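A.B. asks: What follows is a single structure, and I will ask about it in a moment.
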Amino acid sequence: MRKLVYYVAVSLDGYIAGPAGEYDFFPVDAEMMASINAQYPEFVPTFVRSQQGMPQDEPSKRFDTVLMGRGSYEPALSAGVTNPYAHLKQYVVSTTLGHIDDPAVTIVESDPVELVRRLKGEPGGDIWLCGGGKLAGALLDEIDELIIKSYPVVAGDGIPAFSGAFRPTGFVPTQRRAFDNGAQVTWFTAA
């Protein structure tokens with residue numbers, strides 16, 4: 001069965017972006033990017049792969065589907081890119097976005113839990129939950145794994161990694177890697 005994997009960057013205080021969606025305060029370095037890109041090339045948007053030193057047609061290793069909320073989709077859309085992950089099947093969960101004139105992107109206005117359960121039952125690679133916090137909160141019971149990039153910075157305010165009802169949910173750390181910029185990537189599986 002396919003897994004839903006939430007891969008996200010977080011500040012020490014649990015924010016994935018600032019109040020206006022900012023994420024440029026995370027101290028990224030070349031070693032960390034090279035490591036993540038080599039392990040998960042599918043996480044790199046198609047339109048920026050050449051800037052990351054990757055071929056446009058770099059094959060996916062694990063994921064063939066990406067699921068994101070409107071806030072995670074908005075930066076590409078604001079740059080005029082309607083199909084940011086052309087190498088993946090793309091779903092955008094939003095009740096306010098409306099129609100996107102791109103057949104490669106499916107807008108989902110209904111229950112994301114129902115969608116994820118359906119996708120998990122279909123053949124294919126794993127499903128990457130790209131964000132955001134409201135969507136992750138709604139899908140918490142469906143998340144099989146977490147890949148958390150934790151940066152040594154306090155945001156103070158912004159978009160939390162998970163937003164929703166109080167629902168303590170256990171995960172078990174399976175691996176951790178530290179980088180010279182002070183960031184750590186930790187892999188977790190659902191308890």
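A.B. asks: Highest mean first, what order results for 5-13, 176-184 on Cβ atoms within 10 Å? Spell out each step's value before the answer.
C.D. replies: Working: 5-13: 18.9, 176-184: 14.2.
Peptide ranking by packing, descending: 5-13, 176-184.
A.B. asks: Another question about this same structure. Under Stokes-Einstein, with the Kirkwood radius over Cα pairs standing in for Rh, what whole-number D in µm²/s applies to the chain at 37 °C and 0.692 mPa s?
C.D. replies: The estimated diffusion coefficient comes to 192 µm²/s.
A.B. asks: I'd like the antiparallel share, as a percent to the nearest 5, of DSSP beta bridges with both residues in the stretch 50-191. Could you put the intermediate results ahead of the total?
C.D. replies: On the way: 13 of 27 bridges.
Once the DSSP bridges in the stretch 50-191 are tallied, antiparallel ones form about 50 percent.
A.B. asks: Which of Ile127, Met32, Gln51 sits farthest toward the positive end of the charge dipole of the chain, with +1 on the Cβ of Lys and Arg and -1 on the Cβ of Asp and Glu?
C.D. replies: Ranked along the dipole, the leading option is Ile127.
A.B. asks: May I pose another question? Between Arg176 and Gln51, what is the FRET efficiency for a Förster distance of 30 Å, r being their Cβ-Cβ separation, to the nearest 0.05? Walk me through the numbers on the way to the answer.
C.D. replies: Numbers: r = 28 Å, r/R0 = 0.94.
In this case the efficiency is close to 0.60.
A.B. asks: Which value, in debye to the nearest 20, gives the size of the charge dipole of the stretch 1-84 about its Cα centre, when Lys and Arg are +1 and Asp and Glu are -1 at the Cβ?
C.D. replies: Taking the Cα centre of the stretch 1-84 as origin, the dipole is about 380 debye.
A.B. asks: Related question: Which whole-Hz couplings ³J(HN,Hα) result when phi for each residue of the stretch 72-79 is put into the Karplus expression 6.51 cos²θ - 1.76 cosθ + 1.60, θ = phi - 60°, listed in order with x for Gly and Pro?
C.D. replies: 6, 7, 4, x, 5, 4, 5, 8
A.B. asks: Report, by chain and number, residues whose modeled amide H sits under 5 Å from the one on Gly69, excluding near sequence neighbours (fewer than 5 apart, same chain).
C.D. replies: Close amide H contacts, sequence-distant or interchain: Val93, Gly131, Gly132.
A.B. asks: Note the full-extension length gain between Val154 and Thr189 as 0.36 nm times their separation in residues minus their Cα-Cα distance, in nm to one decimal. Can you show the working numbers first?
C.D. replies: Details: separation 35, 0.36 × 35 = 12.60 nm, distance 2.53 nm.
Difference between extended and current length: 10.1 nm.
A.B. asks: Which ³J(HN,Hα) values, rounded to whole Hz and listed in residue order, are derived for the stretch 140-145 from phi using the Karplus coefficients 6.51, -1.76 and 1.60 in 6.51 cos²θ - 1.76 cosθ + 1.60 with θ = phi - 60°, glycine and proline given as x?
C.D. replies: In residue order, the calculated couplings are 3, 6, 9, 6, 8, 9 Hz.
A.B. asks: For the pairs Lys61/Lys134; Lys120/Lys149; Lys3/Lys89, flag any whose C-alpha to C-alpha distance is greater than 19 Å. List each step's numbers first, then the result.
C.D. replies: Working: Lys61/Lys134 27 Å; Lys120/Lys149 25 Å; Lys3/Lys89 15 Å.
In this structure, Lys61/Lys134; Lys120/Lys149 exceed 19 Å between Cα atoms.
A.B. asks: So, in nm, how far is label Met1 from label Glu74 when the simple model puts each one 7 Å beyond its Cα toward the Cβ?
C.D. replies: Placing both labels 7 Å beyond Cα along the Cβ direction yields 3.4 nm.
A.B. asks: Kindly state, to the nearest 0.05, the FRET efficiency for Val113 paired with Lys61, given R0 = 30 Å and r defined as their beta-carbon distance.
C.D. replies: 0.65
A.B. asks: What ranking of Val153, Val105 emerges when the number of other C-beta atoms within 10 Å of each C-beta is taken as an exposure proxy, fewest first? Could you put the intermediate results ahead of the total?
C.D. replies: Details: Val153 16, Val105 22.
With the sparsest Cβ surroundings first, the list reads Val153, Val105.
A.B. asks: Per DSSP helix of 4 or more residues, -39500 (n - 2.57); summed, then divided by the residues of the chain. What does that give at 222 nm, rounded to the nearest 500?
C.D. replies: -5000 deg cm²/dmol
A.B. asks: Give the order of Met32, Met1 when sorted by the count of other beta carbons within 10 angstrom, beginning with the fewest.
C.D. replies: Listed from fewest to most nearby Cβ atoms, that is Met1, Met32.
A.B. asks: Sticking with this one: Report the gain in length on full extension from Ser163 to Thr95: 0.36 nm times residue separation, minus Cα-Cα distance, nm rounded to one decimal. Please report the intermediate quantities before stating the final value.
C.D. replies: Values: separation 68, 0.36 × 68 = 24.48 nm, distance 1.69 nm.
Result for the pair: 22.8 nm of gain on full extension.
A.B. asks: Please list 3J(HN,Hα) in residue order for the stretch 25-38, calculated via the Karplus relation 6.51 cos²θ - 1.76 cosθ + 1.60 where θ = phi - 60°; whole Hz, with x for glycine and proline.
C.D. replies: 8, 6, x, 7, 10, 4, 4, 5, 4, 4, 5, 5, 4, 5
A.B. asks: Here's another thing I want to ask about it. How much length is gained on full extension from Asp13 to Asp141, taking 0.36 nm per residue of separation minus their Cα-Cα distance?
C.D. replies: 43.8 nm
A.B. asks: Give the distance, in whole Å, between the Cα centre of the stretch 105-141 and the Cα centre of the stretch 155-183.
C.D. replies: Each part's Cα centre sits 19 Å from the other's.
A.B. asks: Give me the log10 of I(q) over I(0) for the stretch 104-188 at q = 0.10, 0.26 Å⁻¹, as the Debye formula computes it from C-alpha points; what are the numbers?
C.D. replies: Result of the Debye calculation: -0.32, -1.45.
Every number here is computed from the coordinates shown, using simple stated rules; none is lab data. On a predicted model such as this, the values are computed, not experimentally measured, just so you know. Cβ atoms come from the backbone with ideal geometry, glycine included; neighbour counts cover every protein chain shown.
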